[in-house]
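Here is the structure we will look at.
The values are calculated or read from the model by the stated rules, or taken from the named source; none is laboratory data. All figures in this text were calculated on a predicted structure; none of them were measured in a lab. Cβ sites come from the backbone with ideal geometry, for glycine too, and all protein chains shown count toward neighbours. Remember, those area values only see protein heavy atoms, side chains included, never the ligands or the DNA or RNA. Shrake-Rupley method; radii C 1.70, N 1.55, O 1.52, S 1.80 Å.
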Amino acid sequence: NHTESFEGPYDLAMARRIRDLGGTIAVVAIEEPYAFAHKLEGPGACQYSVERIVDEVIDYITEMRSIFPDVPVGTIEPIWQSPATTANDMEIWLDTFAERAGEPFAFLHIDPDWARPDWPDVALEIEAVADARGVPFGILYNGGVEADARSWLQATMDHIAEYEAHAGGTPQHIAFQSWVDQPDRVLPDDDLGAFTSILNRYFGTRTLLAAGLETAGDSSEIVVS
């Protein structure tokens, strides 16, 4: 059965249709070919060589650019718990593509498994790999499988805080993306259950609590600001 990353022919058919209707595709993100065509384990898993996958991706890009010339193409890859994704995986993926394609990917976006306890550490290592190669790094932020919109959006903010505030990550690209049934509406952006509210929360002023100990003579107090 088809898995993610094997839908290229359908992409190309849609791209031709968009072109014929006068539309434009500004950017293309390929969906996890390293993970699904190389890393995936189990009965029927392809486990192609990285070189084969890259060559097929190059063929895809060539066809896509025959429809939309010079369109930038980046890659999305997951941070899996099993089989475990590592920073070395992304070194191999980025380097093999750049060597065989004669150009780097336009970006590397990471789709973490939030249940993996060390995902922020792995993401930070992958960010360093991308930075060293001049490939813009980004994360697909979402709320996982939370059952209601407000919980989903709060979980999204928790993941942002975990990576950027606690781990010190500095992604160059931010993508808010959902492929589940939450949130179930986009507007208004001041509704904490609407998808666009996450933009206000991410780019707006953030509250920071700081605590310190002040002493005066024989007494001391904790001051929160």
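Across the options ILE18, VAL73, PRO120, the greatest Cα extent toward the positive end of the charge dipole of segment 15-122 (unit charges at beta carbon of Lys, Arg, Asp, Glu) belongs to ILE18. Helix-only mean residue ellipticity at 222 nm, the chain, DSSP H runs n ≥ 4 weighted -39,500 (n - 2.57), per residue, nearest 500. What is it? Computed mean residue ellipticity for the chain: -11000 deg cm²/dmol. Separation of segment 97-132 from segment 160-193 is 19 Å, based on Cα centroids.
Taking 7 Å steps out from each Cα toward its Cβ at GLU214 and HIS173 produces label points 4.7 nm apart.
For the chain, give the share of DSSP beta bridges that are antiparallel, in percent and rounded to the nearest 5; count only bridges with both residues there.
25 percent
Carbon-plus-sulfur fraction of the accessible area of segment 6-76, 1.4 Å probe, in percent? Carbon-and-sulfur percentage of accessible area, whole number: 54.
Calculate, for segment 24-73, the solvent-accessible area per residue in square angstrom, rolling a 1.4 angstrom probe over the heavy atoms of the protein chains.
On a per-residue basis, segment 24-73 sits at 51 Å².
About its Cα centre, the dipole of the chain is roughly 620 debye, where the only charges are +1 on Lys and Arg Cβ and -1 on Asp and Glu Cβ. The P(r) of segment 57-100 has a tail past 17 Å containing 46 percent of all C-alpha pairs.
Across all directions, the average flat footprint of the convex hull enclosing the Cα atoms of segment 79-225 is 12.6 nm². Potential lengthening of the chain between ALA128 and GLN154 amounts to 6.6 nm, from the contour at 0.36 nm per residue minus the alpha-carbon distance. Under 18 Å from a label point set 7 Å out along the Cα-to-Cβ vector of GLN81, the amide N atoms of segment 126-157 belong to 142-147, 155-156. Think of the chain as a dipole: +1 on every Lys or Arg Cβ, -1 on every Asp or Glu Cβ, centred on the Cα centre; then among GLN182, LEU192, MET64, MET64 lies furthest on the positive end.
Prolate is the label for segment 12-116, because a/c, from the alpha-carbon gyration tensor with a ≥ b ≥ c as root eigenvalues, is 1.5 or above and a/b exceeds b/c. Applying a DSSP loop filter and a limit of 14 other Cβ atoms within 10 Å to the trypsin sites (Lys or Arg not before Pro) in segment 128-207 leaves ARG185, ARG206.
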